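These notes concern the structure reproduced below.
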Amino acid sequence: LEATTLIVEVGDDGRGIDEAKLVEAARRKGLLKPEEAPVGQAALSLIFRPGFSTAAAVTDVSGRGVGMDAVQHAINELGGTIEIVTEVGKGATFRLVVPRHVALGESTATAASPGPSA
């Protein structure tokens with residue numbers, strides 16, 4: 001059986017992502033209306049909004065609110081998805097799922113081909 005997707009997981013054993021802090025930061029930045037209260041993946045997806053950051057200060061490497069939106073755009077362009085699994089105090093894992101033929105630079109015809117016949 002040939003796999004049709006490539007899954008790449010990037011994780012850490014750090015603080016994890018606190019949904020409540022994401023929602024609070026999004027409200028402060030005017031990205032959410034006061035009555036909006038996303039939870040689960042909807043809350044986690046806030047990190048993919050252009051201009052969103054939870055950093056207290058802007059530095060050369062963080063706080064500018066660019067990065068994750070660009071990653072999501074690139075993965076979406078490839079026909080893939082990003083999933084986030086996180087537990088506060090334990091860490092977070094980002095799971096990138098892309099079609100195998102795209103990940104390996106194959107054409108769709110090549111990916112669908114059963115290979116040479118015997």
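Each value in this text was obtained by applying a stated rule to the coordinates, not by laboratory testing. What you see is a predicted model; the values in this text were computed from it and never measured. Cβ placement follows ideal geometry from the backbone for every residue including glycine, while neighbour counts extend to all protein chains displayed.
Could you tell me which of rounded, prolate or oblate describes region 16-97, using a ≥ b ≥ c as the square roots of the eigenvalues of the alpha-carbon gyration tensor, with rounded for a/c under 1.5 and, failing that, prolate when a/b is larger than b/c and oblate otherwise? Kindly include the intermediate steps, with their values, before the conclusion.
Working: a/c = 1.38, a/b = 1.21, b/c = 1.14.
Rounded is the answer for region 16-97, as its axis ratio a/c remains below 1.5.
Just check region 1-56 against the gyration tensor rule for me: Cα atoms, a ≥ b ≥ c as the square roots of the eigenvalues, rounded for a/c under 1.5, and otherwise prolate or oblate depending on whether a/b exceeds b/c.
Working: a/c = 2.63, a/b = 1.97, b/c = 1.34.
In terms of gyration-tensor shape, prolate.
With r as the distance between the Cβ atoms of Ala3 and Asn76 and R0 = 22 Å, compute the FRET efficiency 1/(1 + (r/R0)^6) and round to 0.05.
Efficiency, from the Cβ-Cβ distance: 0.60.
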Estimated FRET transfer efficiency when R0 is 25 angstrom, pair Arg95-Lys33 (beta carbons, to 0.05): 0.25
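For region 1-105, state which GluC sites (Glu not before Pro) are in a DSSP loop and have at most 14 other beta carbons lying within 10 Å of their beta carbon. Mind dumping the intermediate values first?
Details: sites: Glu2, Glu9, Glu19, Glu24, Glu35, Glu36, Glu77, Glu83, Glu87; in loops: Glu2, Glu35, Glu36.
When the GluC sites (Glu not before Pro) of region 1-105 are filtered for loop state and at most 14 Cβ neighbours within 10 Å, Glu2, Glu35, Glu36 remain.
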